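Undergrad: Pasting a structure below so you can have a look.
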Amino acid sequence: GLEGDRIAVHSKTHHCMVDGVSGSELIAELLTSEPVEKVETPRVWKPRPVPTSFALGAGEIARVARAPLGVGEALWKLARDEGGARHQLGERLRAAQRMVSDSSGTTPAPFNQPVGPYRRSDWMTLPIDRMRAVRRAVDCTLNDVVLATTADALGRFLSRYRGIDVDGRRFTAMTPVSVRSEDESGTLGNRVSSWTVELPLAERDPLETLRRIHAQTEALKASKQALGAEMLTQVTEWTGSGLLSLGSRLMNLGTPFNMVVTNVPGPRTPLYMLESQLLEIHPHVPLIGTLGLGLALFSYAGTLSWGFSADWDLVPDLHDLVLEVEAAFERLCKAAGV
């Protein structure tokens, strides 16, 4: 029913099943690399029977019973220092400590309030070649370019549309980091950790913003903060759902960062559903607790889509932020000579 005789497909998947990387691979599996006239007849699908209460209980008992074995194996490796286990544990503990300390002192933004049930969505696309040209000109990563553009746009958005003095405000973004190894490619599941990056909202020099963010991400790589976040998430596998439930409740009271900015690499070549080419794909990040604004990016066939998600009431002027992001990227290109 879209103009130009097009269709749209809305896919919604819980993050406990797939992370961004495996979700991208799943999209590539569902579509085809060449147009086809008809779909092959699918195999007969026989679902597993619904588990009984007894089977669910027995499975949970078995999981709890196996947990000490895993802890014992880890302690044995630690005692023998197998594979540098002591050094790895020390690195993870120090990384977790740095992650917790770095997340303190964040200044709430106007959209850091309890979210309601209604959402606003918006999106824009940029040629990924131009973003890579900026990356090469400044010698940084593509994610640094994304964060610098976001910082410039948000600083001007909060000043212009909210009347907020951004000088001295500590605004942080949680940026997911894939810890998926090469042998885990093509598997489902969630293999994502995170960084917390401070965005210099008051800086008006686009190149200085980019340099400051690049210095942070390089330091985060060196400090292995992602390992610390991964270790904290793995603790829930030993403690069961109680700690996870407590963490979810605390998220509703407030979060140690202002927003999520996630960047997922997608298919580089065009994909097809039957004879219809997939023209655009726009990602959206879920909102929870006091995170009233989120930004997800997804690359596909030479373009990078920026998907904006916001609480309906907290960010009624979401499209103005989209326009600010477009303008911020143009300023960065000009400053970098691209």
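The values are calculated or read from the model by the stated rules, or taken from the named source; none is laboratory data. Worth saying up front: this structure is predicted, and the values here are computed from it rather than measured. All Cβ positions, even for glycine, are placed from backbone atoms using ideal geometry, and neighbour counts span all protein chains on display. Surface accessibility is based on the protein's heavy atoms, side chains included, excluding ligands, DNA and RNA. Shrake-Rupley method; radii C 1.70, N 1.55, O 1.52, S 1.80 Å.
Undergrad: Expressed in nm to one decimal, what extension gain is obtained for the pair residue 278 and residue 53 from 0.36 nm per residue of sequence separation less their Cα-Cα distance?
TA: Length gained between residue 278 and residue 53: 76.7 nm.
Undergrad: Another question about this same structure. Around residue 322, with a cut-off of 12 angstrom between Cβ atoms, what is the net charge of the other residues, counting Lys and Arg +1 and Asp and Glu -1?
TA: -4
Undergrad: Now for a separate question. For residue 221 and residue 160 in one chain, what is 0.36 nm times their gap in residues minus the Cα-Cα distance, to one decimal in nm?
TA: Computed gain between residue 221 and residue 160 is 18.6 nm.
Undergrad: If you count only protein heavy atoms with a 1.4 Å probe, what accessible area per residue comes out for the range 257-336, rounded to a whole Å²?
TA: Ligands and nucleic acids excluded, the result is 39 Å² per residue.
Undergrad: Mind giving me the FRET efficiency for residue 34 and residue 319? R0 is 35 Å, r the Cβ-Cβ distance, nearest 0.05 is fine.
TA: 0.45
Undergrad: Related question: What order do you get for 117-124, 213-220, 153-160 when each peptide is scored by the mean count of other beta carbon atoms within 10 Å, highest first?
TA: The packing order, highest mean first, is 153-160, 213-220, 117-124.
Undergrad: Here is a further query. Give the peptides 138-149, 55-66 in descending order of average Cβ contacts within 10 Å, highest first.
TA: Averaged packing, sorted descending, gives the order 138-149, 55-66.
Undergrad: Taking a ≥ b ≥ c as the square roots of the Cα gyration tensor eigenvalues, with a/c under 1.5 meaning rounded and otherwise prolate when a/b beats b/c, else oblate, which class fits the range 298-338?
TA: Cα axes put the range 298-338 in the oblate bin.
Undergrad: Compare the peptides 129-137, 266-274 by average per-residue count of other Cβ atoms within 10 angstrom and give them in order, highest first.
TA: 129-137, 266-274
Undergrad: Using 1/(1 + (r/R0)^6) with R0 = 30 angstrom and r between the beta carbons of residue 65 and residue 13, what's the FRET efficiency to the nearest 0.05?
TA: 0.45
Undergrad: Okay, moving on. Using a/c under 1.5 as the rounded threshold, could you call the range 255-338 rounded, prolate or oblate? The axes a ≥ b ≥ c are square roots of the C-alpha gyration tensor eigenvalues, and prolate needs a/b larger than b/c, oblate otherwise.
TA: The shape class here is oblate.
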